[in-house]
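Colleague: Below is one structure. I have some questions about it.
Since every read-out is calculated from the coordinates, none of them should be taken as a lab result. Computed from a predicted structure; not experimentally measured. Quick reminder, even Gly has a Cβ in these numbers, built from the backbone with ideal geometry, and neighbours come from all protein chains shown.
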2 protein chains.
Amino acid sequence: MPGTSETAPNDTVSEPCLRGDAALARAFTFLGKRWNAVLLGVLGRGPAGFRELSRAIGRISDSVLSERLAELTRAGLIARTVDEGPPVSVSYALTDCGGALMPALEQISQWAQENLPPEGRRQAGE
Amino acid sequence: MPGTSETAPNDTVSEPCLRGDAALARAFTFLGKRWNAVLLGVLGRGPAGFRELSRAIGRISDSVLSERLAELTRAGLIARTVDEGPPVSVSYALTDCGGALMPALEQISQWAQENLPPEGRRQAGE
């Protein structure tokens, strides 16, 4: 059977868990890229144009922002809409698929607010 | 006032959102690193030793796995326990802080199972 990349060499692990881990790995191939989760979080507040996104994120270069938007668009998480104007304007919005991620991102954000101190002191444990 | 890194140069964005975005960015500084989310997901099923983790993940080198475990331990998400034996054995388990992330990771995993096809076809959109 083709496409057995979901299985791993550990038969003590049950199928649903394996599937879950593979799914988690798939999600993090792009959620793991810098800015993507934050970008989705910003779009979770409503559609936005390129400049607005750039300002909301703050420290992202235009070329990286373009790349991330294109990637998230290809992945089907966001959609790009061109309003012919004049003036022409382009905006980005979450698709249903992207919107379905929001509750999980909100939970992670909540968790980080409760568990990760803001100022890089989280290396101080151990 | 020190520690104002939570603010961004966009005063149209309300405070709670900003705080949420900064928290999301903090969470993804390590959730974004390859294997970390999957590693936490595996530990979400119960404590495990190094070999067990290595087998469950499948394609991770020992040195990278060591590094990730050390990082997640420093961040307070997992704890390392040494059983003096004999034989000496070391196991890793989620802390309360790490455990508190599980519902969100499960949601992301569920989302990926519903929205991301397994075989790398998610570049096929657009």
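Colleague: Go through segment A:65-82 and count every residue that is under 14 Å from the mean Cα position of the chain (by Cα) and among the β-branched types (V, I, T).
Modeller: The initial filter retains those residues of segment A:65-82 that are under 14 Å from the mean Cα position of the chain (by Cα), namely A:65, A:67-79.
This time we only want the ones that are among the β-branched types (V, I, T), so: A:73, A:78.
The number of residues fulfilling the criteria is 2.
Colleague: In segment B:83-92, is there at least one residue being more than 12 Å from the chain's Cα centre (by Cα) and surrounded by 15 or more Cβ atoms within 10 Å (Cβ to Cβ)? It would help to see each step written out before you state the result.
Modeller: The initial filter retains those residues of segment B:83-92 that are more than 12 Å from the chain's Cα centre (by Cα), namely B:83-92.
Checking which are surrounded by 15 or more Cβ atoms within 10 Å (Cβ to Cβ) leaves us with B:91-92.
Yes, segment B:83-92 has at least one match.
Colleague: Now a separate question. Of all residues in segment A:40-52, how many are farther than 20 Å from B:L105 by Cβ, touching a helix residue (DSSP H, G or I) at 6+ places or on another chain (Cβ under 7 Å) and within 10 Å of chain B (Cβ to nearest Cβ)?
Modeller: Qualifying residue count, segment A:40-52: 2.
Colleague: Quick test of your reading of the structure: B:D62 fulfils all but one of (1) more than 8 Å from chain A (Cβ to nearest Cβ); (2) within 19 Å of A:R26 (Cβ to Cβ). Name the failing condition by number.
Modeller: Among (1) more than 8 Å from chain A (Cβ to nearest Cβ); (2) within 19 Å of A:R26 (Cβ to Cβ), the lone unmet condition for B:D62 is (2).
To keep it simple, each residue is scored yes or no on (1) among the charged types (D, E, K, R); (2) touching a residue at least 40 places away in the same chain (Cβ under 8 Å); (3) touching an Asp or Glu at 6+ places or on another chain (Cβ under 6 Å); (4) within 30 Å of A:L77 (Cα to Cα).
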{"site": "B:G76", "(1), (2), (3), (4)": "no, no, no, no"}
{"site": "B:G99", "(1), (2), (3), (4)": "no, yes, no, yes"}
{"site": "B:M102", "(1), (2), (3), (4)": "no, yes, no, yes"}
{"site": "B:S109", "(1), (2), (3), (4)": "no, yes, no, yes"}
{"site": "B:L116", "(1), (2), (3), (4)": "no, no, no, yes"}
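Colleague: In addition: Tell me the residue from B:L69, B:L31 that is within 10 Å of chain A (Cβ to nearest Cβ) and of a type in the set (A, V, I, L, M), please.
Modeller: That would be B:L31, the only listed residue that is within 10 Å of chain A (Cβ to nearest Cβ) and of a type in the set (A, V, I, L, M).
Colleague: How many residues are at the interface with chain A (Cβ under 10 Å from one of its Cβ atoms) and surrounded by fewer than 20 Cβ atoms within 10 Å (Cβ to Cβ) when one looks only at segment B:93-106? Steps first, please.
Modeller: Taking segment B:93-106 and keeping what is at the interface with chain A (Cβ under 10 Å from one of its Cβ atoms), we get B:95-98, B:100-106.
Remaining after also requiring surrounded by fewer than 20 Cβ atoms within 10 Å (Cβ to Cβ): B:95-97, B:100, B:102-103, B:106.
Qualifying residue count, segment B:93-106: 7.
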